[in-house]
Amino acid sequence: MNEKIFAIDLANCVGCLTCCVACKDRAELPDDLDLLRLEERETGVYPETDLSFRVIHCFHCEKPLCIEACPSQGISKGEDGLVTIDEEQCSSCGECVEACPFDAIVVRTDGSAVKCDACADEIAKGWNPTCVRSCPMRALFYGPANEIPFKNRIEDADFDDHGIGPAVRFLHRP
């Protein structure tokens with residue numbers, strides 16, 4: 001089976017924040033809580049500089065540290081590869097927040113943990129996740145790794161996967 005991944009074309013992402021707004025709207029989040037954020041990266045030295053943006057959310061890792069860290073066993077990985085938090089089992093301890101190297105888990109005002117679920121309900125309907133559908137530059141992809149549509153791109157070697165197999169590929173021009 002070809003497990004699904006997220007792919008981000010760093011060359012096409014312009015940092016417009018549309019994916020962030022769409023995610024926040026879909027999840028009905030307050031202004032101070034984000035399940036998806038953009039990380040801005042500036043490289044080079046003037047006049048040879050480059051500005052790129054990384055979409056950061058839960059990457060539904062192969063070996064999720066959050067699952068190991070959760071004392072109430074409220075986090076699990078499904079057969080579809082998606083890592084989910086069972087809100088009924090969440091003890092609000094925050095151990096999962098500390099364990100995630102991508103800062104992808106946040107805490108609501110009631111203390112419960114929440115994270116990107118990859119829009120699992122939308123995926124079940126055969127749709128792409130909201131962030132992917134909303135991107136005006138078509139810089140986001142979700143699907144089988146062998147179907148990534150971004151041509152003439154190479155994987156970003158600067159991305160630290162922390163050895164836990166995040167289901168994401170950051171791609172840029174050679």
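The values are calculated or read from the model by the stated rules, or taken from the named source; none is laboratory data. The structure presented is a predicted model; accordingly, all values stated were derived computationally and were not measured. Glycine also receives a Cβ, built like all others from the backbone with ideal geometry; neighbour counts cover every protein chain displayed. All accessible areas refer to the heavy atoms of the entire protein, side chains included, with ligands and DNA or RNA removed. Shrake-Rupley method; radii C 1.70, N 1.55, O 1.52, S 1.80 Å.
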For the chain, what does the helix formula give at 222 nm: sum of -39500 (n - 2.57) over DSSP H segments with n ≥ 4, over the residue count, nearest 500 deg cm²/dmol? -4000 deg cm²/dmol
Residue-level accessible surface for TYR142, protein heavy atoms, 1.4 Å, Å²: 20 Å²
Can you send over the carbon and sulfur percentage of the accessible area for the chain, probe radius 1.4 Å, protein chains only? 47 percent
Most packed first (mean Cβ within 10 Å per residue), the peptides 69-77, 157-165, 118-126, 54-62 order as 54-62, 69-77, 118-126, 157-165
Mind pulling the angle between the C-alpha long axis of helix 18-27 and the longest principal axis of the chain? Nearest 10 degrees, somewhere in 0 to 90. 20 degrees
Over the chain, average the accessible area per residue using a 1.4 Å probe and give it in Å², no decimals. 57 Å²
Give me, ordered by chain and number, the residues 5 or more places off ILE75 or on other chains with an amide H under 5 Å from its own placed amide H. ASP86
One checks the Cα atoms of the stretch 75-174 and finds Rg and Dmax, in Å, of 15.6, 46
For the stretch 26-73, what does the alpha-carbon gyration tensor say about shape, rounded, prolate or oblate, given a ≥ b ≥ c as the root eigenvalues, a/c under 1.5 as rounded, and a/b over b/c as prolate? oblate
Amide H contacts under 5 Å for VAL168, placed H, 5+ residues apart: PHE6
Estimated vicinal HN-Hα couplings, Hz - the stretch 5-11 in sequence order (Karplus 6.51, -1.76, 1.60; Gly, Pro = x): 9, 9, 10, 10, 8, 4, 6
What ³J(HN,Hα) values, in whole Hz, does the Karplus curve 6.51 cos²θ - 1.76 cosθ + 1.60 give for the stretch 128-144 when θ = phi - 60°, with x put for Gly and Pro? 7, x, 3, 4, 5, 5, 7, 5, x, 9, 6, 8, 10, 9, 9, x, x
Taking Cα pairs closer than 8 Å and at least 6 residues apart, the relative contact order of the stretch 16-174 in percent is 22 percent
Read phi for every residue in the stretch 54-67 and hand back ³J(HN,Hα) as whole Hz from Karplus 6.51 cos²θ - 1.76 cosθ + 1.60, θ = phi - 60°, with x for Gly and Pro. 10, 7, 10, 7, 5, 9, 6, 4, 5, 10, x, 5, 5, 5
What Kirkwood hydrodynamic radius do you get for the stretch 4-172 when you take the inverse of the mean 1/r over all pairs of distinct Cα atoms, in Å? 16.7 Å
Give me the percent relative contact order of the stretch 58-105, please, defined on Cα pairs under 8 angstrom at least 6 residues apart. 40 percent
